[in-house]
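S.K.: This is the structure, below, for whatever I ask next.
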Amino acid sequence: STRTKSCPNQDIIDKVLTELMKLHEAKVGQEDHWRAFSYRKAIGALKQYPSRIQSFTEAKGLTGVGEKTARKIMEILQTGGLRRIKYEDTAEVKAASLFRGIYGVGKTVAYQWYAAGCRTLDDLREGKGGVKLSHVQKIGLQFYNDINDRMPREEAKAIFELIKLIALELDSKLFIEIMGSYRRGSKDCGDIDVLITRPTDDGHTHKGVLPKLLRDLHAAGILTEDLALPEDPHDLESTYRGLCHLPHVPGSKRRRIDFLSVPWKYRGGALLYYTGNDFFNRSMRLKAKSMGYSLNQRGLYKVCRDSRGEKFDDGLLVASETEREIFDILNVPWQTPSERIR
Ligand code: DCP
Ligand code: MG
Ligand code: MN
């Protein structure tokens, strides 16, 4: 159209950013989705800009253009092309996706390691280019194949049964349940997602149980490595991430496990959130938002929003004890966990 033709930065928009946007839209990952979104914002800003971009500072001054995008714009201006496009399917992307298979490694770190000259997992092990791994990254590297494997449902069940026995020995009134893909009935699971809470009608709570359980699970040889410990072990609401395996089974693989403990009254909200899947969660959150609510891992809140849709405050908790009351208030027909797949 005439409007776009008169844009002094049209070549940047056309040749490169739109290319990149398409590339990233073709991928499925959440991060790529966000990257595509940020390119779209940058393109919007470039379209509005009245003069030819001359410098990094000028590019970065645009609303919606961050440091990284500004750097790319400069690269386009200086070279007339973008390296990333040429390398999209080659060495850089291959190494970065290999590195991102290491637990806790995201795009930024993966590309930093590539930039430091690392191409293989052995390069990382040898600290090529001065690369230093954190404790957790070392564990992620050591059990790379195990962690990137999915376990059969039966194995998740067997591990969970052992954990449940040990948990109930600590407190027979604990409520302990697997959520995530297992609860949705998947035939294989990427990890085991365990919810822990406890009814409070006898005046007790599960305060302090999670650290004791972790201790006992290590002692029983079920937990093998810790990845992220609870921030405050005495908080009723806390999380743990680690690795586990079936003890006394020669060659049993390391499996990812997450524990989530929540106050009893939030159990419905937590079950709903951590059962997923994430697409289902997104549509429930959108439905909630459209009805003047906000849905998170604790439950459903009635909120006040301003004309721009921003929340004034955290709102008032209206449902959190059972999944069903959240479905009911949102006017969503009940779906069993195995139906929550889109
Ligand atoms: N979840 C979410 N959004 C995220 C991460 C998680 O809504 N960004 C919710 C939905 C997931 C649940 O938490 O279903 C559990 O997260 P997992 O990553 O363990 O995913 P799943 O258990 O669904 O699949 P997998 O078998 O890969 O573990
Ligand atoms: Mg899971
Ligand atoms: Mn999980």
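S.K.: List, in the order given, every pair from Lys47/Lys72; Lys132/Lys212; Lys157/Lys207; Lys173/Lys265 whose Cα-Cα distance in the structure shown is over 24 Å.
M.R.: Working: Lys47/Lys72 16 Å; Lys132/Lys212 33 Å; Lys157/Lys207 26 Å; Lys173/Lys265 15 Å.
From Lys47/Lys72; Lys132/Lys212; Lys157/Lys207; Lys173/Lys265, over 24 Å: Lys132/Lys212; Lys157/Lys207.
S.K.: Right, here's the next one. How far, in nm, would the chain grow between Asp14 and Asp149 when pulled straight, counting 0.36 nm per residue and subtracting the alpha carbon separation? Don't skip to the answer; put the middle values down first.
M.R.: Values: separation 135, 0.36 × 135 = 48.60 nm, distance 4.02 nm.
Using 0.36 nm per residue and subtracting the Cα-Cα distance, I get 44.6 nm.
S.K.: What percent does the relative contact order of the chain come to when contacts are Cα pairs within less than 8 Å and at least six residues apart? Could the numbers behind the result be given before it?
M.R.: Working: 500 pairs, mean separation 33.7, N = 342.
Relative contact order here is 10 percent.
S.K.: For region 44-73 and region 233-287, write down the distance between their C-alpha centroids in whole Å.
M.R.: So the two Cα centres are separated by 41 Å.
S.K.: Here is a follow-up. Which of rounded, prolate, oblate describes the chain, given a ≥ b ≥ c as roots of the alpha-carbon gyration tensor eigenvalues and a/c under 1.5 marking rounded, otherwise prolate only if a/b is larger than b/c?
M.R.: Verdict is oblate for the chain.
S.K.: Say we join alpha carbon atoms closer than 10 Å with springs in a Gaussian network model of the chain; which of Glu161, Glu323, Glu67 then has the biggest fluctuation?
M.R.: Judging by the Gaussian network model, the answer is Glu67.
S.K.: Using the count of nearby Cβ atoms within 10 Å as a rough guide to exposure, how do Thr205, Thr336 rank from fewest to most? All intermediate terms of the calculation are to be shown ahead of the outcome.
M.R.: Values: Thr205 17, Thr336 10.
Taking fewest neighbouring Cβ atoms as first place, the list is Thr336, Thr205.
S.K.: HN-Hα J couplings of region 309-324 from phi, Karplus 6.51/-1.76/1.60, θ = phi - 60°, integer Hz, Gly and Pro as x?
M.R.: So the J values, rounded to whole Hz, are x, 7, 6, 6, 8, 6, x, 10, 5, 10, 7, 7, 7, 9, 5, 4.
S.K.: Considering only Cys244, Cys304, Cys189, give the residue with the highest GNM mean-square fluctuation for the chain, with springs between Cα atoms whenever their separation is below 10 Å.
M.R.: In the Gaussian network model the winner is Cys304.
Taken together, the values in this text are just the output of simple stated rules run on the coordinates, not laboratory data. Small disclaimer: the values here were computed from a predicted structure and weren't measured. Cβ atoms come from the backbone with ideal geometry, glycine included; neighbour counts cover every protein chain shown.
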